[in-house]
Amino acid sequence: DRLEFKGRTLVSSTEHDAESYRGDVAVNVPIMPGKLAVRAVAGYHDLGGWIDKPIRKDANDAQIGNYRLKINAQPTSELTIGLLAWYSRTDVGAPANTIDGLTNVSVVEEPSSSDFDAYGAKIGYEFANVSLTSMTSYVDYRNPARVDYSPFIPGQFLNLEFDSEVFSQEFAFSSMSDGPWRWAAGGIYRDAKDRLFTTRTIVATGQFGAPYIAPTIQDTYSESYA
């Protein structure tokens, strides 16, 4: 029903690391007051790293971005509609694994990232004595990373990528009577597909000292009903 704006900023510093910065904004806009409104949120976080590697200082820095869009509508007194889109992006320079808490001996770049997309729709309708709610969601997630085995297994590192897609649909019915008895019934379906793709690289082995790459793919599927 009203125009609204929010914002915040943050600056921080930690011993042995670079400075960190953060900013978030949110705005709510009524397109048709009482009937239709849009809310948008955006945030960015730059984290300074504190672990030094031979190839880079403050290697475990990270950049995080979040963006959300929500649309709420009530075309009639009986019908409500809510839509959501959420995007999240995270990039990390290196893992925070060290022996002394400050240094990492690996001379291999070890970046990782996380891409998270989520979409949702919630629709409700109130009949004379029963309310019906439908909730639909879809999630797409991707997480590539590289891990160095040094110093445990010198000359070997692992590239891995985890991908996941999840779809779910739920229906819920609820009685709206004023009597002493009420009832509720519903059903949900969930479908998930996961894939883990890994390649293990052994440096300076094999014919003529060329890198040897061993790929592995693991797929997982699941369905749920309730």
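The values are calculated or read from the model by the stated rules, or taken from the named source; none is laboratory data. What you see is a predicted model; the values in this text were computed from it and never measured. Cβ: placed from backbone, ideal geometry, glycine included. Neighbour counts: every protein chain shown. For accessibility, only protein heavy atoms count, side chains too; no ligands or nucleic acids. Shrake-Rupley method; radii C 1.70, N 1.55, O 1.52, S 1.80 Å.
Worth a mention:
- For the chain: relative contact order, % (alpha-carbon pairs under 8 angstrom, 6 or more apart): 11
- Between Tyr189 and Met176, the simple label model (points 7 Å from Cα in the Cβ direction) yields a spacing of 2.7 nm.
- Spherically averaged projected area in nm², based on the convex hull that wraps the Cα atoms of the chain: 18.3
- Simple spin-label estimate for Arg39 and Leu10 gives 2.0 nm between the two label positions (7 Å along the Cα-to-Cβ direction from each Cα).
- Between Ala214 and Phe127, residue separation times 0.36 nm minus the direct Cα-Cα distance comes to 25.4 nm.
- Solvent exposure of the chain as accessible area per residue, Å², 1.4 Å probe: 64
- For Thr80, solvent-accessible area (1.4 Å; no DNA, RNA or ligand), Å²: 60
- Applying a DSSP loop filter and a limit of 16 other Cβ atoms within 10 Å to the GluC sites (Glu not before Pro) in the range 1-99 leaves Glu15, Glu19, Glu78.
- Carbon and sulfur %, accessible surface of the chain computed with the full protein complex present, 1.4 Å: 61
- Those lysines that a straight Cα-Cα span of less than 30 Å connects to Lys193, excepting residues fewer than 8 apart in one chain: Lys70, Lys122
- With each label modelled as a point 7 angstrom along the Cα→C-beta vector, the Asp163-Tyr138 pair spans 1.5 nm.
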